[in-house]
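Enquirer: Just passing along the structure, written as structure tokens.
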Amino acid sequence: MIYSIASNLTKSVLSVTRNDTESNNIFFNIWSSVFFIILFLNLSGNSLVIVVIAKDKKFHSMMNCLFANMAFSDFLAGIFAFLWYLANYIDPAWLNEWICRLVAANTITVLSGIVSIFSLTAITLERYRAILKPLEHRMSWCRLKLILFVIWFFSGICSLPYFIFIKFVDAQNQNRCMFLLGEWEKQLLTILMFAFVYACPNIIICSAYAKIVKHLWFNKENEEMQESHKALLQSRKKITKLLGFVLIVFNLCVLPNFAIADFMLSFGATGYGHAVSFIGFLIQFVSTCVNPLIFFIQSKQFRNRLFGILFCRNKRINRWSELRVTVVSTKSQVGSISKHCQTAV
């Protein structure tokens, strides 16, 4: 499952890399460098997305709030991925039962990954209702809160096996986190998670997105629209393209882990210290930091607001506008006073 491929469930990968050949050490060092680059992009980018959406009321739409929820889950994944790295490769001695269940087994990062998938599903369905069923689409904060609750609740349910079926073992001065499931149980869990957490949401997303594209680009009624409606149509097309970029990049990053690495691990084709596990984890970890980059490239409004927050442009603009209003009002008052004096004379 998500991020579980490098979770140190059977043996310490660190010991493998230290005792193996020099080429493996070089590979691990390169992998660690890339990991920390992605981690930096994750924490900085997602935090900026959350700040921009939270501070600007113009971004307080249901779709943007769901994107902020996704950014928060990706940020959470970054935090616990860093703790996972510390627990497995820096100081394995600090492992205990709870660290084993929450960090070393990647339970929280599994949770945040599922939240991202379910959030994308909710975003796509929200766009579907807004475009194809505008009369039924109503923005409601109570509805948004309910959607967020459902996303986190079912994500928590799906990630429970990675919390329950983990056992902390401290034997012969070796701290290990081990799955309690047998071989066929792990294979069944992998198949079920692939089906319900990845395949089913993507079928829903692809079906809804195909109908959205058909309605926006291949609908003959769009050619007969008035100019005001065409402006709305262009705005919807722009948002749909942005969502399409997010969906494509997300699946390109997640699919190799789901379709290759997870099944190879569960069915014994590779071990947890194999290069496939490392690369699959790293590719999927990339998906947690690309959304802010896509927003920055595709959305001019997001770029302007981001630069405004970073360089305090809004404060400068507001101060300049207030100064101009003060000067103009002062000039008008002086002018009125002079006219009044001339009239009196």
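The values are calculated or read from the model by the stated rules, or taken from the named source; none is laboratory data. The structure presented is a predicted model; accordingly, all values stated were derived computationally and were not measured. Neighbour counts run over all protein chains shown; Cβ positions are idealised from the backbone, glycine included.
Enquirer: Could you say whether any residue in segment 83-95 is in contact with a Lys or Arg (Cβ under 7 Å, 6 or more places away or on another chain), modelled with pLDDT under 90 and surrounded by 13 or more Cβ atoms within 10 Å (Cβ to Cβ)?
Expert: no
Enquirer: Quick one: would you say residue 288 is buried (at least 18 other Cβ atoms within 10 Å of the Cβ), farther than 21 Å from residue 46 by Cβ and modelled with pLDDT of 85 or more? Explain how you work it out, then say what you get.
Expert: Details: buried (at least 18 other Cβ atoms within 10 Å of the Cβ): yes; farther than 21 Å from residue 46 by Cβ: no; modelled with pLDDT of 85 or more: yes.
Criteria not met by residue 288.
Residue-by-condition table, conditions (1) free of Cβ contacts under 8 Å to residues at least 12 places away in the same chain; (2) closer than 13 Å to residue 66 by Cα:
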site: 102; (1), (2): no, no
site: 135; (1), (2): yes, no
site: 142; (1), (2): yes, no
site: 145; (1), (2): yes, yes
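Enquirer: Do we find a residue being farther than 26 Å from residue 28 by Cα, in contact with a Gly (Cβ under 9 Å, 6 or more places away or on another chain) and polar (S, T, N, Q) anywhere in segment 52-70?
Expert: Checked segment 52-70: no residue is farther than 26 Å from residue 28 by Cα, in contact with a Gly (Cβ under 9 Å, 6 or more places away or on another chain) and polar (S, T, N, Q).
Enquirer: Of a type in the set (Lys, Arg), assigned by TED's automatic domain parsing to the domain that holds residue 50 and either part of a loop (DSSP other than H, G, I, E, B) or modelled with pLDDT of 85 or more (or both): is that true of residue 237 in this structure?
Expert: Against the criterion (of a type in the set (Lys, Arg), assigned by TED's automatic domain parsing to the domain that holds residue 50 and either part of a loop (DSSP other than H, G, I, E, B) or modelled with pLDDT of 85 or more (or both)), residue 237 qualifies.
Enquirer: Consider segment 102-159. How many of its residues are over 30 Å from residue 176 (Cα atoms) and small (Gly, Ala, Ser)?
Expert: So the answer is 4.
Enquirer: Hey, does segment 252-264 have a residue that's surrounded by fewer than 16 Cβ atoms within 10 Å (Cβ to Cβ), modelled with pLDDT of 80 or more and under 30 Å from residue 215 (Cα atoms)?
Expert: Yes; the residues of segment 252-264 include at least one that is surrounded by fewer than 16 Cβ atoms within 10 Å (Cβ to Cβ), modelled with pLDDT of 80 or more and under 30 Å from residue 215 (Cα atoms).
Enquirer: I would also like to ask the following. Does segment 202-219 include one or more residues that are modelled with pLDDT of 90 or more and of a type in the set (S, T, N, Q)?
Expert: Yes, segment 202-219 contains at least one residue that is modelled with pLDDT of 90 or more and of a type in the set (S, T, N, Q).
Enquirer: Spot the failing condition for residue 106; the list is (1) at pLDDT 80 or above; (2) under 26 Å from residue 247 (Cβ atoms), and only one is missed.
Expert: So the condition that residue 106 fails would be (1).
Enquirer: Could you run through segment 270-281 and say how many residues are surrounded by fewer than 17 Cβ atoms within 10 Å (Cβ to Cβ) and either in contact with a Leu (Cβ under 9 Å, 6 or more places away or on another chain) or modelled with pLDDT of 75 or more (or both)?
Expert: Number satisfying all stated conditions: 1.
Enquirer: Let me ask something else about it. Test of understanding: among 157, 79, 123, 114, which residue is in a helix (DSSP H, G or I) and free of Cβ contacts under 8 Å to residues at least 24 places away in the same chain?
Expert: 157 is the lone residue from the list that is in a helix (DSSP H, G or I) and free of Cβ contacts under 8 Å to residues at least 24 places away in the same chain.
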